[in-house]
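Worksheet: the structure to be examined is printed underneath.
The values are calculated or read from the model by the stated rules, or taken from the named source; none is laboratory data. Being a predicted model, the structure only gives us computed values, none of them experimental. Quick reminder, even Gly has a Cβ in these numbers, built from the backbone with ideal geometry, and neighbours come from all protein chains shown.
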């Protein structure tokens, strides 16, 4: 197999290429940067991809996104045929279709070198390699500009869907991590002087943010969670023979009269009526 390079382009418009390197050499792939958006679809190759200092392992069917001014470089790791498709375009191409630049969120709404890679299995509606192959074939038979732009719009919709799922999943995971951190802190200091404000200060978030995440994790507010946990502790102590006043103080209730009213409201009886087990 000889090296092969086919490029289909439109003057002042998007370009798609299909390239095959039988024996890729590291010297042929230098660190570079473009003034355009680029989508690389890998067919085969023992290669990696370095984007802004982060190296991605490339697998068959995966795609790599790079935006203008985002440095990138192919890293050759060993022998093997390197085959790929590359689609490059500018923001003007998106606007020419009457589409919003929000279509570029997967490129622009992330940090440099982050979330550049997408795997074939993450897409529900397309298979990247087949998608690019069909686009190249159609471009030979029909108007190249129409084919490339229409396929670009469809591809961006699919990529953005995956990007949103990734982002949402990461946000939920981050919130769960913070929520777990809150719960651990509250339970560790349950019998001490603790409040919504002290929890907020601990996780460096506003009280409203803390309560929102906490409510999502537990179904209740920080305040009610603390009181409910303390109530269970008091009941256990009273059941074991500890006096109601001493039990309330040991569980973080400072004022007995307030505790008494709270206990009776929650249980319907006075704390002294709880019999020893």
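Residue-by-condition table, conditions (1) assigned by TED's automatic domain parsing to the domain that holds residue 44; (2) out of contact with any helix residue (DSSP H, G or I) (no Cβ under 6 Å at 6 or more places or on another chain); (3) surrounded by fewer than 16 Cβ atoms within 10 Å (Cβ to Cβ):
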site	(1), (2), (3)
84	yes, yes, no
93	yes, yes, no
98	yes, yes, yes
116	yes, yes, no
135	yes, no, no
140	yes, yes, yes
146	yes, yes, yes
195	no, yes, yes
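Inspect segment 225-247 for any residue being within 25 Å of residue 184 (Cβ to Cβ), modelled with pLDDT of 85 or more and not in a helix (DSSP H, G or I) and give the result as yes or no.
To start, the set of residues in segment 225-247 that are within 25 Å of residue 184 (Cβ to Cβ) comprises 225-237, 247.
Of the ones still in play, those that are also modelled with pLDDT of 85 or more are 225-237, 247.
Right, trim to not in a helix (DSSP H, G or I) and you get none.
No: zero hits.
Give the residues of segment 134-149 that are free of Cβ contacts under 8 Å to residues at least 60 places away in the same chain and within 26 Å of residue 164 (Cβ to Cβ), sorted by residue number.
The one that is free of Cβ contacts under 8 Å to residues at least 60 places away in the same chain and within 26 Å of residue 164 (Cβ to Cβ): 134.
Name every residue in segment 91-140 that is in contact with a strand residue (DSSP E or B) (Cβ under 7 Å, 6 or more places away or on another chain) and farther than 27 Å from residue 168 by Cα, in order of residue number.
132, 135, 136, 139, listed by residue number.
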